[in-house]
Amino acid sequence: RKEVEQDPGPFNVPEGATVAFNCTYSNSASQSFFWYRQDCRKEPKLLMSVYSSGNEDGRFTAQLNRASQYISLLIRDSKLSDSATYLCVVSPYRGGGSQGNLIFGKGTKLSVKP
Amino acid sequence: SQTIHQWPATLVQPVGSPLSLECTVEGTSNPNLYWYRQAAGRGLQLLFYSVGIGQISSEVPQNLSASRPQDRQFILSSKKLLLSDSGFYLCAWSTPGRTNEKLFFGSGTQLSVL
């Protein structure tokens, strides 16, 4: 099982739609979780951190399910400008009380159409 | 505020030629620094990270090397490029002492080895 897995998509949705992405991780002791957004040929940018209690930022909601080892990202009222690749990022546990460097999923591509 | 600069934005190099990519960070001291590569259709792969001057950790064996001659300068080098070195190279920084925290990326270098 890969450390971080995402559905590559693409997800093609109309403007105004609600879309959800899931991401699974293999290391049950992982502590930090993030969603990054990457536009074509650009650098990834932090979209939001994911907390155990779930968190919301405007139209974006992130959830963490530790029991099932997955995180999700929900985008409501999709905009054309939301078109991008969304990267799931996890910090795996490496043993000895230390966390390893961040592991990036390959990303899920979203295309919002008019 | 912190900023990260990476150059050049685009580079076309022949096989067997040397490589030098430079990255500098401003507005913070002793940041953790990273070099990632993103090949076409693949996720971000961590190449090197550094927690301080002269301290370099390599994540994958390859013909690339990294150096940190100054606190906020990180350099990626190769003596002889291979075709497989083509990709999108990203420099990033994170808060000192916290390798599993959020990353901030430079704008990237698109390297084409021909």
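Here, each number is a calculation from the coordinates, and none is a lab measurement. Computed from a prediction, not measured in an experiment: that's the story for all the values here. Virtual Cβ from ideal backbone geometry, glycine too; neighbours counted across all protein chains shown.
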- Distant-in-sequence amide H partners of residue B:48 (H built 1.01 Å from N, under 5 Å): B:35, B:59
- Task: Please report the base-10 log of the normalised intensity I(q)/I(0) for chain A, using a Debye sum with one equal scatterer per alpha carbon and no solvent, at each q in 0.14, 0.21 (1/Å).
- Result: -0.54, -1.14
- With contacts defined as alpha carbon pairs under 8 Å and 6 or more residues apart, what's the relative contact order of chain B in percent? 36 percent
- Message: What aspartates and glutamates does residue B:79 reach when the alpha-carbon gap must be under 17 Å and sequence neighbours fewer than 8 apart in one chain are set aside?
- Response: B:22
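Evaluate the Kirkwood expression for the hydrodynamic radius of the protein assembly as shown, namely the inverse of the mean inverse distance over all pairs of different C-alpha atoms, and round to one decimal in Å. Spell out each step's value before the answer.
Details: mean 1/r = 0.0545 Å⁻¹.
About 18.3 Å, per the Kirkwood formula over Cα pairs.
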- Query: If contacts are Cα pairs under 8 angstrom and at least 6 residues apart, what is the relative contact order of chain A in percent?
  - Reply: 36 percent
- What FRET efficiency would be calculated for the residue pair residue B:1, residue A:113, taking the C-beta separation as r and a Förster radius of 35 Å, to the nearest 0.05? 0.45
- Item | Computed FRET value (nearest 0.05) for residue B:17 with residue A:3, which takes r as the C-beta separation and R₀ as 30 Å | 0.30
- Item | Distant-in-sequence amide H partners of residue A:11 (H built 1.01 Å from N, under 5 Å) | A:109, A:110, A:111
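To the nearest whole percent, what portion of all C-alpha pairs in region B:1-74 is separated by more than 14 angstrom? Each step should come with its number before you reach the end.
Numbers: 1771 of 2701 pairs.
Across region B:1-74, Cα pairs with separations above 14 Å total 66 percent.
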- The lysines whose Cα lies under 24 Å from the Cα of residue A:79, excluding any fewer than 8 residues away in the same chain, are A:42, A:45, A:106, A:109, A:113
